[in-house]
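Each remark here refers to the structure printed beneath this line.
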Amino acid sequence: MATTQAPSTLFEEIASLFASDPRPEKILNFHPSTESVQRASELLELNRQGRLGDDQRQELDQFEQVELLMRLVKARIRAKQLPNESS
């Protein structure tokens, strides 16, 4: 039976960001909390040491997925803004 992994704190931060109906600038200026950055650093260090457990691997995977999502969203926002800037 598969267990459901609780969302990482970063997933929670992103959910709160998008639930707030943000303007594009707010999304572009978003940065993860210090807590999320520290946790990601801990997980990356455990991974480098080869000491990452299955739950920690899933958590690190979530961080990577959220990072990719935010890069894609920010890139699309910037692409939409380019034509407006040259007007």
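The values are calculated or read from the model by the stated rules, or taken from the named source; none is laboratory data. What you are looking at is a predicted structure, and each value in this text was computed from that prediction instead of being measured. When we count neighbours, we look across all protein chains shown, and the Cβ atoms used for this are built from the backbone with ideal geometry, even at glycine.
Please specify each residue of the stretch 33-87 satisfying the condition of being closer than 21 Å to Ala15 by Cβ and charged (D, E, K, R).
Scanning the stretch 33-87 gives Glu35, Arg39, Asp55, Glu59, Asp61, Glu64, Glu67, Arg71, Lys74, Arg76.
Is it the case that Leu60 is surrounded by 13 or more Cβ atoms within 10 Å (Cβ to Cβ) and either among the small types (Gly, Ala, Ser) or not in a helix (DSSP H, G or I) (or both)?
Judged against the criteria, Leu60 is not a match.
Consider the stretch 70-80. How many of its residues are exposed (fewer than 13 other Cβ atoms within 10 Å of the Cβ) and in contact with a helix residue (DSSP H, G or I) (Cβ under 9 Å, 6 or more places away or on another chain)? Before the answer, list the steps.
Step one: of the stretch 70-80, the residues exposed (fewer than 13 other Cβ atoms within 10 Å of the Cβ) are 71-72, 75-76, 78-80.
Among the residues that remain, those that are also in contact with a helix residue (DSSP H, G or I) (Cβ under 9 Å, 6 or more places away or on another chain) are: 78, 80.
Residues meeting the conditions: 2.
Within the stretch 38-61, is even one residue within 14 Å of the chain's Cα centre (by Cα) and closer than 21 Å to Pro22 by Cβ?
No - not one qualifying residue is present in the stretch 38-61.
For the stretch 24-59, name all the residues that are of a type in the set (A, V, I, L, M, F, W, C), in contact with a helix residue (DSSP H, G or I) (Cβ under 8 Å, 6 or more places away or on another chain) and within 27 Å of Ala75 (Cα to Cα).
Hits for the stretch 24-59 are Ile27, Leu28, Phe30, Ala40, Leu43, Leu44.
Suppose we keep only residues that are modelled with pLDDT of 95 or more and touching a Lys or Arg at 6+ places or on another chain (Cβ under 8 Å) within the stretch 1-23. Which one would you say is farthest from Lys74 (Cα to Cα)?
Within the stretch 1-23, the match that is farthest from Lys74 (Cα to Cα) is Ser20.
Limited to the stretch 12-57, what total is found for residues that are polar (S, T, N, Q), touching a residue at least 24 places away in the same chain (Cβ under 8 Å) and surrounded by 14 or more Cβ atoms within 10 Å (Cβ to Cβ)?
1
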